[in-house]
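Reading through the structure tokens given below for one structure.
The values are calculated or read from the model by the stated rules, or taken from the named source; none is laboratory data. Predicted model only: the values in this text are computed from it and were never measured. No Cβ is skipped: glycine too gets one built from the backbone with ideal geometry, and neighbour counts run over all protein chains shown. Just the protein is used for accessible areas: all its heavy atoms, side chains included, with ligands, DNA and RNA removed. Shrake-Rupley method; radii C 1.70, N 1.55, O 1.52, S 1.80 Å.
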Amino acid sequence: MTHRTLHEGWTLRAVPGSPVPPEIAERSVRAAVPGCVHTDLLAAGLIPDPFLDDNEKRLTWIGRTDWIYETTFRWQPGDDERIDLVCAGLDTVATVTVNGTEVGRTENQHRSYRFDVRSPLRAGDNTLTVRFDSAYRYAEAQQDRLGELPNAYPEPFNFIRKIACNFGWDWGPTLVTAGIWQEIGLHAWSTARLATVRPLVTVADDLGRVELHVEVERVADAPLTVHATVAGVAVEVAVPAGEHTAVAVLEVRDPARWWPRGYGEPALHQLDVTLRAADGRALDGWSRRIGFRAVRLDTTPDAYGTPFVLHVNDVPVFARGVNWIPDDPFPSRITRDRLAHRFAQAAGAGVNLLRVWGGGRYESADFYELADEQGLLVQQDFLFACAAYPEEEPLRTEVEAEAREQVTRLAAHPSLVLWTGNNENIWGWHDWGWQEVLADRTWGRGYYLDLLPRVVGELDPTRPYWPGSPWSGNEEIHPNDPAHGTTHIWDVWNTDDYTKYREYVPRFLAEFGYQAPPAYATLRRALSDAPLAHDSPGMAHHQKADDGDLKLQRGLDAHLPVPTDFDDWHYLTQLNQARAIQLGVEHFRSHRDVCAGTILWQLNDCWPVTSWSAVDGDGRRKPLWYALRRAYADRLLTVQPRDGGLALVAVNETGQPWRAPATVTRLTLAGEPRATTAYELDVPAYAAVALPLPADLAGPDEARRELLVAEAGDEVERAFWFFAEDRDADWPAARFEASVEPADGGQRVRVTARTALRDLTLFPDRLDPSAEVDQALVTLLPGESTTFTVTAGGPLDPAALTSRPVLRCVNDITAAGPST
């Protein structure tokens, strides 16, 4: 048995007659495999970078063009009984030929394909051709045949099994790709091969169990054996002549368990499977690292409605989650190192769960392996989002084949703890005017409530399935009822101020978010606008949300002083995003006896854009990332409205009780104490305790000039409560002293406040695009100091590091400006 990749010598050309610019017609360019048309044309210098300015608009013809990939390779016949061409991923509508003989057709980006090519292969040179027909033409033909269906965007993504956000989203560009996007190669084999290996891993009463389901493909009816080993345990089972399946069971006593982040170590164990012939020869092999863990979803009705609590190893886990979108429109650019960096950013913000959103893709093996290693839980959507999806053929067959392949492919990964049927489609059917448009036509219900749960139940009963996000758990209850199942909150951002988060106590919040622009260095790399303004042409093009800038302005008007220039606007909109999410997360966590998790929309971006992300399209952390780190901390101190007053809430997301002295002090903005109360915190493991504040603390003498500070030692960040919005507060003009000194790999910037400084933040990327800083959004009282550690490619100008627009705080937005 041999595997041979075919990644060399590829060329790309447009099919004659396609709507391409003259300089591309009749031209052949080198192609990278894996890759796609956009990256090949970009590498050849034939198109501009679609991420810059509004270049995206000038590249729509690519998705409406038919393309041909072609290579020549040498092959010599041997003793192998089968030669298969294995295509891990073709995007999307492809015809595959070998030496002019058609060997297969595809129309699903989310499946792999295997074609027997022994017959058309010949000794010596062979030509492999993959023609990609326009995804638009295919999708629009299905749409014409079946009739238009409701859709959040005017694109036909719901009529083709392809990454939906290729067609554009309210945060993403319209870049409809084509190409050989995953590995392609020849697989030579004889007698039999392992077609699928599906380990169902559980643990109970200190007994780990692997129920190993194996399918074999044969070219001979000889007897076979399957040999499997894990954690020092071995088993061998026979596959009699003519049989194609086998089940082996391995039991491991007291295995080291896999735990999510914050609950224990994510122990992994090597599982090796070998297929052998009757004479003992190894025919094929398969290896993965698995984790012994049990997962279940508790939805037993209670006094508050229908809970949604993930249990791992019988421990309820509060999900501190983020939604994940494809990290690049062009998947071949997403390396394992890039994913590892993004995962480190997630973990650094206190995240323990990634939801792979349904408008993207089933992620790469690297993605799930990294999640396994780092103890990050994964909720995986099936790929349906924000639209009605037809259930007619050929799409229904494609959906089932795709689901079966992906459930089997991902079964070995302990990080995967939940399958979800779709994103917002059941909600859409209820609330977005679909029913009148659809009449009696299909829209996807049969997938979410019948086909997909049957596939998961058959192939992987070790994991729960939930029909949608959001979903209440019952068709008789509104799908987005906060008291039942999972909820999305989007009236905040779309229509209402973020303080409305406090009106919700959802059982599990699967989406919520607030927008802000990307980092300044990201904008300057991507946009040539001179000057930059919130409504300059490039900024406007890289704002994809409906009325996005108006919604940003509404948020500023409600909370913050009026910006005087773009630098103010950029800082304040990023600050408002951070505050909105921190307020929401702290509120929801303070109700952890009812709410079992929050999943922020969103962790990442796929290009430079104003969006809801915590990490922008160039991988830079926005202020939101620092706020999320604070709000998702293992131990959280927060002041919350309760029963007409205020309460100090201590949240303990660790396995140990939290006992510590705490104080809450009411102060003036000048730092003068007005009242104080001491507490002794005693918070059980995985719990929250609310302590009412006395009236003399909760009621200010002068709301515009006072605040609360809550402290509980150095191990937890202190909490603030401001009695007035910043736009109304009587902030003094910012005064401080700042010094800069060298540090290993960068510089330390020490700031000492002479007045209160609200949400002090350093933006070193304005001086060096590679620069990063260790903290942000620091509030100082008069006389207090903090130190920022900056890393950069070289020393940065100390004067620039300690002045606007690099060093900012809310109360430097005055006519006089800050004073140092």
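Dipole magnitude for the stretch 585-718: about 260 debye, using +1 per Lys or Arg Cβ and -1 per Asp or Glu Cβ, origin at the Cα centre. One decimal place: the segment residue 272-residue 2 gains 95.4 nm when fully extended, by the rule 0.36 nm per residue minus the C-alpha distance. If only the Cβ of Lys and Arg carry +1 and only the Cβ of Asp and Glu carry -1, the dipole of the stretch 70-196 around its Cα centre is close to 220 debye. Compared with the dominant Cα axis of the chain, that is its longest principal axis, helix 395-410 is turned about 70°. Solvent-accessible surface of the chain, taken per residue with a 1.4 Å probe and all protein chains present: 36 Å².
Rounded to a whole number, what % of the accessible area of the stretch 278-391 do carbon and sulfur atoms account for, probe 1.4 Å? Of the solvent-accessible surface of the stretch 278-391, carbon and sulfur hold 50 percent. Surface composition of the stretch 495-598: carbon plus sulfur atoms hold 52% of the accessible area, using a 1.4 angstrom probe and ignoring ligands, DNA and RNA.
As a calculated quantity, the FRET efficiency between residue 474 and residue 46 at R0 = 56 Å, using C-beta atoms, amounts to about 0.55. Considering only 732, 763, 749, and ranking their Cα positions along the charge dipole of the stretch 727-768 that arises from unit charges at the beta-carbon of Lys, Arg, Asp and Glu, the one farthest toward the positive end is 732.
Model label points for residue 750 and residue 137, set 7 angstrom from Cα along the Cα-to-Cβ axis, are 6.9 nm apart.
Amide H contacts of residue 104 (H built 1.01 Å from N, in plane; Pro and chain starts excluded): 96 sit under 5 Å, all sequence-distant by 5 or more or on other chains. Show me, for the stretch 508-525, the HN-Hα J-couplings you get by feeding each phi into the Karplus relation (A = 6.51, B = -1.76, C = 1.60, θ = phi - 60°), rounded to Hz, glycine and proline as x. Result, ordered by residue: 7, 9, 8, 8, 6, x, 8, 8, 6, x, x, 4, 4, 4, 5, 4, 5, 5 Hz. In terms of overall dimensions, the C-alpha atoms belonging to the chain reach 88, 68, 61 Å along their principal axes, ordered largest to smallest.
Ordering 539, 1 by accessible surface, largest first, gives 1, 539; the 1.4 Å probe counts only protein heavy atoms, with every chain in place. Under the simplified labelling scheme, the residue 525-residue 695 pair shows an inter-label distance of 5.7 nm, with each label point 7 Å from Cα along Cα→Cβ.
Charges at C-beta only: +1 for Lys and Arg, -1 for Asp and Glu. How large is the resulting dipole of the chain about its Cα centre, in Debye rounded to 20? The calculation lands at about 1060 debye.
Less than 5 angstrom separates the built amide H of residue 681 from those of 660, 662, all sequence-distant by 5 or more or on a different chain. Karplus-based coupling profile of the stretch 328-341, in residue order and whole Hz: 7, x, 10, x, 5, 8, 8, 8, 4, 4, 5, 5, 4, 5, with θ = phi - 60° in 6.51 cos²θ - 1.76 cosθ + 1.60 and x standing for Gly or Pro.
Considering the zone a paramagnetic label at residue 146 would reach in this model (a point 7 Å from Cα along the Cα-to-Cβ line), which residues of the stretch 383-415 have amide N under 14 Å from it? What the label zone holds, given the 14 Å backbone N cut-off, is 383-401.
Per-residue SASA remark: residue 503, around 140 Å² accessible (1.4 Å probe; ligands, DNA and RNA not included). Coupling constants for the stretch 643-656 follow from the phi torsions by the Karplus curve (6.51 cos²θ - 1.76 cosθ + 1.60, θ = phi - 60°), and in residue order they are 6, x, x, 10, 9, 8, 10, 10, 10, 10, 9, 10, x, 10 Hz; glycine and proline get x. Between residue 281 and residue 338, the modelled label-to-label distance comes to 4.2 nm, taking each label 7 Å out from Cα in the direction of the beta carbon. Put simply, the amide H of residue 727, placed in the peptide plane, has neighbours under 5 Å in 560, leaving out anything fewer than 5 places away on its chain.
Estimated at the nearest 10 Å², the accessible area of residue 112 is 50 Å² with a 1.4 Å probe.
Here's the picture: charge each Lys and Arg Cβ at +1 and each Asp and Glu Cβ at -1 in the stretch 224-288, and of 259, 273, 240 the one pushed furthest to the positive end of that dipole is 259. Given a 1.4 Å probe and the protein chains as shown, residue 785 ends up with an accessible area of around 50 Å². Stokes-Einstein, applied to the Kirkwood radius of the stretch 381-499 over Cα pairs at a viscosity of 1.306 mPa s and 10 °C, places its translational diffusion at 104 µm² s⁻¹. With respect to the chain, whose longest principal axis is taken over its alpha-carbon atoms, helix 135-146 is tilted by about 80°.
Derived from the Cα gyration tensor, the three semi-axes of the equivalent ellipsoid of the stretch 635-688 are 24, 13, 9 Å, largest first.
Taking each DSSP H run with n ≥ 4 as -39500 (n - 2.57) and averaging over every residue of the chain yields -5000 deg cm²/dmol at 222 nm.
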